[in-house]
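This report concerns only the one structure given below.
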Amino acid sequence: MRSTLITSILILLFVSCTQENNNLTEAEHTAIDSILVSDVPDGAPGLAIGIVRNGSIIYEGYAGYASLIDSTLIGPKTRFNIASNGKQFTALAVLQLVYHNKLNLDEDIRDFIPTLYPEVENPITIQHLLTHKSGIRDYYEIMSLQGKQWWQFTADNRDVLDFLEDQNDLNFEPGSHYLYSNSNYILLAEIAGIVSETSFTALTDEIFENLGMTSTSFEDDYSDIPGDIALPYFNFSTWSSYSWFNNIVGDGALFSTLRDQLIWEQTLQTRQSYLISADIIERSQHPISSSGIENYGYGIEFGEYKDEELIFHAGATGAWKAITYRFPGENVSIVTLTNSGKVIPEMTTKSVADVLLEKEVASVSHLLEPQEEGERVGVQDVIGIYQTDNGFTFRFVDIESELYLLRDGRNDTQLIRESANVFQQWNDPSFKLEFTQDPDSSMKVTAYHTSHAPYSLTKLKPDFSGFDFKKLNGSYINEESNVRCEITHIEGQNYRIQLSDRDYAGLLLKPDLLKVNSYMIHFKNDNKADELILDGDRIKGVLFKSAK
């Protein structure tokens, strides 16, 4: 007990002693200190929060452990994997090559890597990669489809290139849509290395040195990462870490300290860097005007937070998570880095923003519950499958006369009646479900919660009369990835799906649409099931043909 108490005091004292150019009010300082430690239990991994205002670091706080093995505390020299937050620096390397006339955003990526997508006639440009409009499928999601997760295998950029060289199809025609894909920035890293006639890591190491970010680098050798690393930790009844085996760079694998990230924010706010052109820095903070995309640019996103213009990006690689919020109108940047699966950096950073922008803390800008009571609905009235326009699904079932909600990746949740047409989650009353009947007799459910704006799903009314459920049974294969899909009917609308030796439960939503975990499977032929199309979050239109 005594050692735990001492550790907590050391953390708080360390936080209080690391302020630079502090122009926070005492109330702001106290509030942010409280936010810093709110998700850091005694003896746990933690996080780092930094704030830059008008070019000065005004807050730099650390809490929790970098390593539970040797009780190393997180501090200014601690390096985190900031994951996809590294994309902005991949884009910066590309911008520098463009600035020096070594690269053009309109150049086709096949000019540099001619072995990619020889059957795709339309150009796939550097700009398409930067703005996620290339249509190239996400490497990690295809690996997941094959039954391999990023923490289970070692790969480098050459492995990704070898894999993509075997791909023929895209998610969509280049330039026609936006869909986030890590493959885009892996390819940008490779092209930047080719154009600069050096390795991508050597190119970016020089950039970081010029920026004064001496503890920042893309790491392409997992066995030899220098510095004091914040080990990643999840808590499944106890804190446990895991090994990092990945050598892929460009989309992530950028290891950095909070101090270095704050130096970068200072550079962005002042537009002053002795060795990096101010024009490059300025350009990096705006959308690409010719892209037609206003919400994504050079490795960063654009939006709003509580009516304030916001430039931001988040990254997550397991328990390593990072987020940056920039408010250009206020000339304020907030950076949060963590090695704890318990911490949600977005919520932490928003709480800090509320303090700095003098927004009401914990205020919400959306409805938290229905505004009026509707007509009474019974359990039998509402059971069924509901879906949003983009395929997100709720399933309501009757278990011993009680209403339950079934969702992918979550435990079955009992619902308690709150009023005539509103139910709440038994262990979270703030999660409310309002059932209403539309004029066209469609039942809808609207979900309310403090963490999100209300959204609605419509009850499906599929017609299965005369439908042969067993006609979907069979074996299908995607030749590009060599993934096999086995479909077996169980009963009713329920199927057993096997993808790369992994078993999933499948639910037939319509005669031609099967939901499998986070995937949607569309059957192309009404008369016989000889082809199917699989859609995932970052992979679309993956064709499987009957293997009979």
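The values are calculated or read from the model by the stated rules, or taken from the named source; none is laboratory data. In this text the structure is predicted, and so the values were computed from the model without any measurement. Heads up, the Cβs are rebuilt from the backbone with ideal geometry, glycines too, and the neighbour counts pull from every protein chain shown.
Check whether at least one residue in the stretch 462-471 is touching a strand residue (DSSP E or B) at 6+ places or on another chain (Cβ under 7 Å), surrounded by 15 or more Cβ atoms within 10 Å (Cβ to Cβ) and in a strand (DSSP E or B), and report yes or no.
no
So the check is Cβ under 6 Å with 6+ separation or different chains; which pairs have a first residue in the stretch 72-95 that's farther than 22 Å from residue 61 by Cβ and a second one that's among the hydroxyl-bearing types (Ser, Thr, Tyr)?
Within 6 Å, the pairs are 87/185; 90/185; 91/298; 92/284; 93/204; 95/284.
Which residue out of 176, 183 is under 16 Å from residue 126 (Cα atoms), polar (S, T, N, Q) and in contact with an Asp or Glu (Cβ under 9 Å, 6 or more places away or on another chain)? I'd like the intermediate steps shown before the answer.
On the way: 176 fails: in contact with an Asp or Glu (Cβ under 9 Å, 6 or more places away or on another chain).
Of the residues listed, the single one that is under 16 Å from residue 126 (Cα atoms), polar (S, T, N, Q) and in contact with an Asp or Glu (Cβ under 9 Å, 6 or more places away or on another chain) is 183.
Which of the residues belonging to the stretch 129-143 are over 15 Å from the mean Cα position of the chain (by Cα), within 29 Å of residue 499 (Cβ to Cβ) and not β-branched (Val, Ile, Thr)?
129, 133, 134, 135, 137, 143
Could you figure out which of (1) part of a loop (DSSP other than H, G, I, E, B); (2) at pLDDT 90 or above; (3) not acidic (Asp, Glu) isn't true of residue 477?
Of (1) part of a loop (DSSP other than H, G, I, E, B); (2) at pLDDT 90 or above; (3) not acidic (Asp, Glu), only one is false for residue 477: (1).
Output the number of residues of the stretch 318-329 satisfying the condition of being touching a residue at least 60 places away in the same chain (Cβ under 8 Å) and either among the charged types (D, E, K, R) or buried (at least 19 other Cβ atoms within 10 Å of the Cβ) (or both). Give the steps one after another, and end with the answer.
Taking the stretch 318-329 as the starting set, the residues that turn out to be touching a residue at least 60 places away in the same chain (Cβ under 8 Å) are 318-324, 326.
Keeping just the survivors that are either among the charged types (D, E, K, R) or buried (at least 19 other Cβ atoms within 10 Å of the Cβ) (or both) gives 319-324, 326.
Total satisfying the criteria: 7.
Being hydroxyl-bearing (Ser, Thr, Tyr) and in contact (Cβ under 8 Å) with a residue 24 or more places away in the chain is the filter here, so list the residues in the stretch 207-226 that pass it. Can you show your working first?
Filtering the stretch 207-226 down to residues hydroxyl-bearing (Ser, Thr, Tyr) leaves 214-217, 222-223.
Listed by number, the residues that qualify are 214, 215, 216, 217, 222.
Of everything in the stretch 437-448, what is surrounded by 16 or more Cβ atoms within 10 Å (Cβ to Cβ) and either closer than 17 Å to residue 380 by Cβ or touching a Ser or Thr at 6+ places or on another chain (Cβ under 6 Å) (or both)? Give them in sequence order.
443, 445, 446 - these are the residues of the stretch 437-448 that are surrounded by 16 or more Cβ atoms within 10 Å (Cβ to Cβ) and either closer than 17 Å to residue 380 by Cβ or touching a Ser or Thr at 6+ places or on another chain (Cβ under 6 Å) (or both).
Of the residues that sit in the stretch 485-496 and are surrounded by 12 or more Cβ atoms within 10 Å (Cβ to Cβ) and either at pLDDT 95 or above or under 12 Å from residue 516 (Cβ atoms) (or both), which one is nearest to the chain's Cα centre (by Cα)? Quick ask: steps written out before the conclusion?
In the first step, residues of the stretch 485-496 are kept if they are surrounded by 12 or more Cβ atoms within 10 Å (Cβ to Cβ); the result is 485-489, 493-496.
Checking the rest, the ones that are also either at pLDDT 95 or above or under 12 Å from residue 516 (Cβ atoms) (or both) come to 485-489, 494-496.
Working: 485: 26, 486: 29, 487: 30, 488: 32, 489: 33, 494: 30, 495: 29, 496: 29 Å.
Of everything passing the filter in the stretch 485-496, 485 is nearest to the chain's Cα centre (by Cα).
Are any residues in the stretch 263-312 surrounded by 16 or more Cβ atoms within 10 Å (Cβ to Cβ), in a helix (DSSP H, G or I) and not hydrophobic (A, V, I, L, M, F, W, C), and if so, which ones?
Result: 265, 266, 267, 269, 283, 284, 291.
Can you tell me which of 242, 222, 233 is crowded, with 19+ Cβ neighbours inside 10 Å, of a type outside the set (A, V, I, L, M, F, W, C) and within 25 Å of residue 155 (Cβ to Cβ)? Give the steps one after another, and end with the answer.
Working: 242 fails: crowded, with 19+ Cβ neighbours inside 10 Å; 222 fails: crowded, with 19+ Cβ neighbours inside 10 Å.
None of the others qualify; the one that does is 233.
Within the set of pairs 6+ apart or on separate chains, which have a first residue in the stretch 263-282 that is assigned by TED's automatic domain parsing to the domain that holds residue 328, a second that is small (Gly, Ala, Ser), and C-beta atoms under 6 Å apart?
Partner pairs satisfying both residue conditions: 263/212; 265/333; 266/55; 267/273; 269/55; 270/55; 271/278.
Kindly establish whether residue 355 is assigned to a loop (DSSP other than H, G, I, E, B), crowded, with 20+ Cβ neighbours inside 10 Å and touching a residue at least 40 places away in the same chain (Cβ under 8 Å).
no
Table: residues versus (1) of a type in the set (Gly, Ala, Ser); (2) modelled with pLDDT of 95 or more; (3) surrounded by fewer than 22 Cβ atoms within 10 Å (Cβ to Cβ); (4) assigned to a loop (DSSP other than H, G, I, E, B).
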residue: 29; (1), (2), (3), (4): no, no, yes, no
residue: 36; (1), (2), (3), (4): no, yes, no, no
residue: 49; (1), (2), (3), (4): no, yes, no, no
residue: 94; (1), (2), (3), (4): no, yes, no, no
residue: 97; (1), (2), (3), (4): no, yes, yes, no
residue: 101; (1), (2), (3), (4): no, yes, yes, yes
residue: 105; (1), (2), (3), (4): no, yes, yes, yes
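Within the stretch 531-548, count every residue that is surrounded by fewer than 15 Cβ atoms within 10 Å (Cβ to Cβ), small (Gly, Ala, Ser) and part of a loop (DSSP other than H, G, I, E, B).
Adding up the residues that qualify gives 2.
Right, residue 446: over 30 Å from residue 503 (Cα atoms), outside the structural domain of residue 306 (by TED's automatic domain parsing) and touching a Gly at 6+ places or on another chain (Cβ under 6 Å) or not?
Working: over 30 Å from residue 503 (Cα atoms): yes; outside the structural domain of residue 306 (by TED's automatic domain parsing): yes; touching a Gly at 6+ places or on another chain (Cβ under 6 Å): no.
No.
Restricting the search to the stretch 394-451, which residues are closer than 18 Å to residue 374 by Cα, assigned to a loop (DSSP other than H, G, I, E, B) and without any contact (Cβ under 8 Å) to a residue 24 or more places away in the chain?
Answer for the stretch 394-451, where residues must be closer than 18 Å to residue 374 by Cα, assigned to a loop (DSSP other than H, G, I, E, B) and without any contact (Cβ under 8 Å) to a residue 24 or more places away in the chain: 418, 438, 439, 440, 441, 442.
With the structure loaded, tell me whether residue 392 is in contact with a helix residue (DSSP H, G or I) (Cβ under 9 Å, 6 or more places away or on another chain) and not charged (D, E, K, R) or whether it fails that test. Write out each step before concluding.
On the way: in contact with a helix residue (DSSP H, G or I) (Cβ under 9 Å, 6 or more places away or on another chain): no; not charged (D, E, K, R): yes.
For residue 392, the condition - in contact with a helix residue (DSSP H, G or I) (Cβ under 9 Å, 6 or more places away or on another chain) and not charged (D, E, K, R) - is not met.
Give me a count of the residues in the stretch 199-258 that are over 28 Å from residue 73 (Cβ atoms) and not in a loop (DSSP other than H, G, I, E, B).
Total meeting the criteria: 9.
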